[in-house]
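Novice: I have a structure I would like to understand better, so I am pasting it below and will then ask my questions one at a time.
Readers should treat all values here as calculations from the given coordinates under stated rules, not as data from a laboratory. A quick note: this is a predicted structure, and the numbers were derived from the prediction, not measured. Note that each Cβ is placed from the backbone with ideal geometry, even for glycine, and that neighbours are counted across all protein chains shown.
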Amino acid sequence: MAVILLTGGAGYVGSHACVALAAAGHSPVLFDDFSNAREDVPDRLARLTGAPVPCYRGDVRDPAALGRVLAAQNPDAVMHFAALKAVGESMDRPLDYMAVNIAGLVTLLGAMEAAGLRRLVYSSSATVYGVPDVTPTPESAPRRAVNPYGFTKIKGEEILEQLAASDPRWAVGVLRYFNPAGAHESAMIGEDPSGRPNNLVPLIARVAAGQLRRLEVFGDDYSTPDGTGVRDYIHVMDLAEGHRLSVERLLAGAPGHVLNLGTGRGHSVLEVLAAYGRAVGRELPYRVVPRRPGDVPVYCADPARAEAELGFRARRDLDEICRSSWAWVRGQAARRA
Ligand code: UD1
């Protein structure tokens, strides 16, 4: 049983990882600046896990704030979720992305080293593959930056590789997420983007909730079965389990790993819309608009290495993703009313 510090722990993936860790008997500690998380998430997590979840407010670019939480909580490992992650925004504000995602990582690593702590699980992204030559994509595929966000994730991976090569005491788990979606089954935590969402499932949720008239489908002339883009949607609780397995492997003394976290199965935009419609109980409206610049036809994980190295396998399907998302969105609407 370990104490795990979660930077960005009040955010979407971090909060679900917190639940998975607590359920396995670990003690999660949150560090978050609440720039893209609600203030009441730590309370919700405490109710959900049945125990208080210590939470420190701070920015990953602030070494003193990091030093304080490391000294006070003496964690056994860190999961680093705190980062910016919107592709379009990264093209408008590349320096912010470099400051938070790259300088923030380096600051965190420095604070960890000063505290004698060298076990880290790093949130990377399938975006490091750029436009992949092969799908399902294995971890050995080349990395290519196609926007500043992707650039920062590749640089993060490279920094961690250099560090681990320079000092074998570092054990790093690099986890490349495909498309996380859905919510915890309790509907007490979920994805809650501030402002207009960019990603498909939260946008469909807005259509279902009547906040958006219809979904705009970005292109139906791709070389896919129904012509719309195909992605590997992974339930956020499966993703959370992957993080728990990764950190447990590092805590057991393993040297580190680079792993895709996906299901290995792709679904088209229209399949996701239909599945969400089933969860809601009615068909949801859409119209086809031109392709979104920079989109690729198909993104899908080769999940074999994660299964071989961690015994990880995504268990929840697209219907469960949609049902849990809808339960969360409806619950939020009821709480706000
Ligand atoms: C996007 C990012 C990716 C990032 C990931 C996680 C781009 C080009 N890629 O991935 O780098 O790692 O989010 O945050 O932004 N779609 C519609 N209509 C919409 C929204 C989306 O048809 O209104 C389609 C897209 O064309 C795509 C699929 O839905 O085929 C999924 O889109 P999205 O949720 O934005 O994820 P990615 O494009 O895979």
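Novice: Take the Cβ-Cβ distance between residue 145 and residue 333 as r, set R0 to 41 Å, and report the resulting FRET efficiency rounded to the nearest 0.05.
Specialist: According to the calculation, E is roughly 0.60.
Novice: Over what distance in Å are the Cα centres of segment 50-108 and segment 124-158 separated?
Specialist: Segment 50-108 and segment 124-158 have Cα centres spaced 21 Å from each other.
Novice: Normalising by the residue count of segment 1-122, find the relative contact order in percent from Cα pairs under 8 Å and 6+ residues apart.
Specialist: With pairs under 8 Å counted, the relative contact order is 29 percent.
Novice: Another one. Could you work out which residue, out of 255, 225, 303, moves most in a Gaussian network model of the chain, that is, has the largest mean-square fluctuation with Cα springs under 10 Å?
Specialist: Maximum among the listed residues: 225.
Novice: Let me ask something additional. Report, in degrees rounded to the nearest 10, the 0 to 90 angle that the Cα long axis of helix 12-23 makes with the longest principal axis of the chain.
Specialist: 60 degrees
Novice: Moving on. Let me spell out the model: positive unit charges on the Cβ of Lys and Arg, negative unit charges on the Cβ of Asp and Glu, origin at the Cα centre of segment 113-234. What dipole size does that give, in debye rounded to 20?
Specialist: About 300 debye.
Novice: Just rank 43, 92, 232, 220, fewest to most, by other beta-carbon atoms within 10 angstrom.
Specialist: Least crowded to most crowded, the residues run 92, 43, 220, 232.
Novice: Next question. Looking at 284, 168, 67, which one has the Cα that reaches farthest to the positive end of the dipole of the chain (charges on Cβ: Lys, Arg +1; Asp, Glu -1)?
Specialist: 284
Novice: Place +1 on the Cβ of every Lys and Arg and -1 on the Cβ of every Asp and Glu in segment 1-141, take the dipole about the Cα centre, and give the residue among 115, 135, 83 whose Cα lies farthest towards its positive end.
Specialist: Going by the charge dipole, the pick is 115.
Novice: Now a separate question. Mind pulling the angle between the C-alpha long axis of helix 269-280 and the longest principal axis of the chain? Nearest 10 degrees, somewhere in 0 to 90.
Specialist: Orientation of helix 269-280: about 90 degrees from the principal axis.
Novice: In nm, give the distance between the simple-model label positions of residue 40 and residue 196, each being 7 Å from the Cα along the Cα-to-Cβ direction.
Specialist: Taking the two extended label points, one gets 2.7 nm.
Novice: Determine the gain in length on full extension of the stretch residue 254-residue 185; use 0.36 nm per residue of separation and subtract their C-alpha separation, reporting nm with one decimal.
Specialist: Going from the current span to full extension adds 21.7 nm.
Novice: Additional query: Going by average Cβ density within 10 Å per residue, which order do the peptides 47-56, 60-69 take, highest to lowest?
Specialist: 60-69, 47-56
Novice: Between residue 167 and residue 133, how many nm apart are label points set 7 Å from Cα along the C-beta direction?
Specialist: 3.6 nm
Novice: Then there is this: Give the Rg (one decimal place) followed by the Dmax (whole number) of segment 124-239, computed from C-alpha coordinates and expressed in Å.
Specialist: 17.3, 54
Novice: When the chain is treated as a GNM, springs tying every alpha-carbon pair under 10 Å, which of 105, 261, 84 comes out with the largest mean-square fluctuation?
Specialist: 84
Novice: Now for a different question. Show me 128-137, 307-316 ranked by packing, highest mean number of other Cβ atoms within 10 Å first.
Specialist: Final packing ranking: 128-137, 307-316.
Novice: I've got another one for you. In whole percent, what relative contact order does the chain give with Cα contacts below 8 Å and a gap of six or more residues?
Specialist: 19 percent
Novice: Kindly put 237, 91 in sequence by how many other C-beta atoms sit within 10 Å of each C-beta, fewest to most.
Specialist: By the 10 Å Cβ count, ascending, the order reads 91, 237.
Novice: To continue, here is another question. What whole-number distance in Å separates the alpha-carbon centres of segment 188-236 and segment 271-337?
Specialist: With segment 188-236 and segment 271-337 each reduced to a Cα centre, they are spaced 7 Å.
Novice: Which order, highest average first, do 12-19, 188-195 follow once you tally other Cβ atoms within 10 Å for each residue and take the mean per peptide?
Specialist: 12-19, 188-195
Novice: Let a ≥ b ≥ c be the square roots of the eigenvalues of the Cα gyration tensor of segment 95-159; is it rounded (a/c under 1.5), or, if not, prolate (a/b larger than b/c) or oblate?
Specialist: Verdict is oblate for segment 95-159.
Novice: Next question. Given a Förster distance of 30 angstrom, what is the FRET efficiency for residue 282 paired with residue 99, based on the Cβ-Cβ distance and rounded to 0.05?
Specialist: That gives a FRET efficiency of 0.10.
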